[in-house]
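Novice: Below you'll find the structure I mean.
The values are calculated or read from the model by the stated rules, or taken from the named source; none is laboratory data. This one's a predicted model, so the numbers in the text were calculated from it and none came from an experiment. Virtual Cβ from ideal backbone geometry, glycine too; neighbours counted across all protein chains shown. Remember, those area values only see protein heavy atoms, side chains included, never the ligands or the DNA or RNA. Shrake-Rupley method; radii C 1.70, N 1.55, O 1.52, S 1.80 Å.
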Amino acid sequence: MTTPVRALVFDAYGTLFDVHSVVAECERHFPGRGTDLSKQWRVTQLEYTWLRSLMGRYEDFEHVTGGALAHACATLKLPLTEAARSALMGSYLRLTPYPEVPAALRSFGGRKRAILSNGSPRMLEAVVDNAHLTDAFDAVLSVDALRIYKPHPSVYQLAVDRLGVPVSEIAFVSSNFWDVSGATSFGFRTFWINRAGNVPDPLGFQPAAVLTGLDQLAAVL
Ligand code: LAC
């Protein structure tokens, strides 16, 4: 018999909130290039989290996200004015949740629910509050307390420590396969929300289940 799941821990960006909801704002400043910029921005943002963690040179996610935006624009030869920079960074605080997310978060009975994210506390508070989801979580946990990014094992341990629930009773949910890999390696039971039909990375770790939306999770716990 599998151990019951007493707590659910969710990744934020790309899992609950659509990072590509910035496309419209990107498009407003750089017509025809919104999708390219959004993709390049996200990929660079993640690379910088890994680089900074490996170098032991933590700067918070807002700093990383701003640097990634500047580099993505330079790479794509898009002139980034201060006004565009400010508007695009602001749009990151208002990312929209995926459509099924608000109702799904309320379908898990009495289980604890937490966010565990690379986001800075300020960014997470803003995005959760803007989506009217503050009441949907028992805790919003940021790597900022540790000054290192996912998938360092200490980040996943933070959820165990803060929730006071054993590793074996926590389900970790992410759309980012590298995050699923890190969480599985750490010891969590993991669920991959693969909305985009992505190919799993061959890192040697498999989730307990692959779902195409958060609304499918309650049925498999
Ligand atoms: C997060 C990034 C990894 O929310 O999406 O932690």
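Novice: For Lys77, which lysines qualify as cross-link partners when the Cα separation must be under 23 Å and same-chain residues fewer than eight apart are set aside?
Specialist: Within reach: Lys39.
Novice: Over the chain, with every protein chain in place, what whole percent of the accessible area is carbon and sulfur at 1.4 Å, could you tell me? Don't jump to the answer; show the numbers that get you there.
Specialist: Details: 5490 of 10080 Å².
Ligands and nucleic acids excluded, carbon and sulfur give 54 percent.
Novice: Also: What does DSSP give for the chain in terms of the percent of beta bridges that are antiparallel, rounded to the nearest 5?
Specialist: Values: 1 of 21 bridges.
Restricted to the chain, the bridges split so that about 5 percent are antiparallel.
Novice: Compute the whole-percent fraction of alpha carbon pairs in the range 19-93 spaced more than 13 Å apart. Kindly include the intermediate steps, with their values, before the conclusion.
Specialist: Details: 1722 of 2775 pairs.
The proportion of pairs with Cα distances above 13 Å equals 62 percent.
Novice: Suppose all protein chains stay in the model; what accessible area per residue would a 1.4 Å probe give for the chain, in Å²?
Specialist: Numbers: 10080 Å² over 221 residues.
For the chain, the per-residue accessible area is 46 Å².
Novice: Mind putting together the pair-distance distribution for the range 1-145? All Cα pairs, 5 Å bins, whole percent per bin, short to long.
Specialist: 2, 9, 18, 21, 17, 14, 10, 5, 2, 1, 0, 0
Novice: Between the range 152-173 and the range 85-123, what's the alpha-carbon centroid distance in Å?
Specialist: Cα centres, the range 152-173 to the range 85-123: 18 Å.
Novice: What area, in nm² and to one decimal, does the C-alpha convex hull of the range 73-221 cast on average over all directions?
Specialist: Working: hull surface 41.0 nm².
Approximately 10.3 nm², given one-decimal rounding.
Novice: Quote the FRET efficiency, to the nearest 0.05, computed for Glu27 versus Glu62 with a Förster distance R0 of 25 Å and r equal to the Cβ-Cβ distance. Working shown, then result.
Specialist: Numbers: r = 23 Å, r/R0 = 0.90.
With R0 = 25 Å, the Cβ-Cβ based efficiency is 0.65.
Novice: Does the range 56-139 come out rounded, prolate or oblate, given a ≥ b ≥ c as the square roots of the eigenvalues of its C-alpha gyration tensor, rounded meaning a/c under 1.5 and, failing that, prolate meaning a/b above b/c?
Specialist: On the way: a/c = 2.93, a/b = 2.03, b/c = 1.44.
Since a/c reaches 1.5 and a/b is larger than b/c, the shape of the range 56-139 is classed as prolate.
Novice: Okay, moving on. Which shape class, rounded, prolate or oblate, goes with the range 54-93 when its Cα gyration tensor gives a ≥ b ≥ c as root eigenvalues, a/c under 1.5 marks rounded, and past that a/b bigger than b/c marks prolate?
Specialist: Numbers: a/c = 3.11, a/b = 1.46, b/c = 2.13.
Because a/c hits 1.5 or more and a/b fails to exceed b/c, the range 54-93 counts as oblate.
Novice: Sticking with this one: Return the Cα extents of the range 97-147 along principal axes one, two and three, sorted largest first, each rounded to a whole Å.
Specialist: Each principal axis gives a Cα extent; for the range 97-147 these are 33, 22, 15 Å.
Novice: Continuing with the same structure: Can you give me the Rg/Rh ratio for the range 138-221, using Cα atoms for both radii and the Kirkwood formula for Rh? If you can, show how the numbers build up before the last one.
Specialist: On the way: Rg = 12.7 Å, Rh = 13.3 Å.
Reported Rg/Rh (Cα atoms, Kirkwood Rh): 0.95.
Novice: Which length gain, in nm to one decimal place, applies between Asp138 and Met55 when the Cα-Cα distance is subtracted from 0.36 nm times their residue separation? Spell out each step's value before the answer.
Specialist: Numbers: separation 83, 0.36 × 83 = 29.88 nm, distance 3.26 nm.
Result: 26.6 nm gained on full extension.
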